[in-house]
1. Go through segment 180-195 and report how many residues are more than 20 Å from the chain's Cα centre (by Cα) and in contact (Cβ under 8 Å) with a residue 12 or more places away in the chain.
2. Could you identify the single residue in Thr62, Thr32 that is modelled with pLDDT of 95 or more, hydroxyl-bearing (Ser, Thr, Tyr), part of a helix (DSSP H, G or I) and within 20 Å of the chain's Cα centre (by Cα)?
3. Yes or no: segment 180-201 includes at least one residue that is more than 17 Å from Phe88 (Cα to Cα) and buried (at least 16 other Cβ atoms within 10 Å of the Cβ).
4. Give me a count of the residues in segment 19-29 that are surrounded by 15 or more Cβ atoms within 10 Å (Cβ to Cβ) and part of a helix (DSSP H, G or I).
5. Of the residues that sit in segment 97-140 and are buried (at least 20 other Cβ atoms within 10 Å of the Cβ), part of a loop (DSSP other than H, G, I, E, B) and hydroxyl-bearing (Ser, Thr, Tyr), which one is nearest to the chain's Cα centre (by Cα)?
6. Identify, please: which residue in segment 77-96 is surrounded by fewer than 18 Cβ atoms within 10 Å (Cβ to Cβ) and at pLDDT below 75 and is, among those, nearest to the chain's Cα centre (by Cα)?
Amino acid sequence: MQVKKESVSNRILKFAKIEFLDKGFENVTIRTIAKKSSISSGTIYTYFKDKNAVFEAIVNPTAKKLFNQMNMTMDGFKRNTNNIEQAFSKQVSREVIVQLFDLIYPKKDDYKLLLCCSKGSSMENFKDRVINTYTELCLSLLESLSQSIGCSKKFSHVSVHMILSLFFIIIEEIILDDVTREQADEYVDELAGVIYGAWNGLINYD
């Protein structure tokens, strides 16, 4: 039985990442990864079940970190039930965008893989899964907000889904236009205004 070495696994992932970024998941094979990394296909299969397992090993830590951060943010809002309205304020919109930048920039290539290069992989619907998950959580917060101010207003799944999609539009624009962190920081207040305007318009719509 072959003893697995971390150095070999890391080399496979390093060169697989280059291939996925260059060609997209669908156009990469174990054979092309083997050629790029100078490691035999047989050895790669010893470390990873298939091409999808290689892709997951690269992007899963980043995907989990995003989910964890979003869960922490939402949990904080839910615990602060006396001030749920603050969750949809301009200040919080700004804080969330800054947190998003803090997550994206150290792992920019991973987000590119998840959002632009994952077609055909198990992570192909990553964006939709994130948005759908947090659409339900935000709808719950909005319902609590509505009740706290003595209002019976109902909010649509579609509207909340579209607002949350704005965050991924921001991420995709950063990736596709190769926006630097310094440039992105200049846009924070403008972007916060856009997000806040969307929430405010939804909450106060008659």
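1. Residues in segment 180-195 being more than 20 Å from the chain's Cα centre (by Cα) and in contact (Cβ under 8 Å) with a residue 12 or more places away in the chain: 2 in total.
2. Numbers: Thr32 fails: within 20 Å of the chain's Cα centre (by Cα).
Residue meeting the stated conditions: Thr62.
3. First, pick out the residues of segment 180-201 that are more than 17 Å from Phe88 (Cα to Cα): 180-187.
This time we only want the ones that are buried (at least 16 other Cβ atoms within 10 Å of the Cβ), so: 184, 187.
Yes.
4. Just the residues of segment 19-29 that are surrounded by 15 or more Cβ atoms within 10 Å (Cβ to Cβ), to begin with: 19-21, 24-25, 28.
Of the ones still in play, those that are also part of a helix (DSSP H, G or I) are 19-21, 25.
Residues meeting the conditions: 4.
5. Top of the filtered list is Ser118.
6. Restricting to residues being surrounded by fewer than 18 Cβ atoms within 10 Å (Cβ to Cβ) and at pLDDT below 75, the top hit is Lys78.
The values are calculated or read from the model by the stated rules, or taken from the named source; none is laboratory data. Model, not experiment: these values are computed from the prediction. Glycine also receives a Cβ, built like all others from the backbone with ideal geometry; neighbour counts cover every protein chain displayed.
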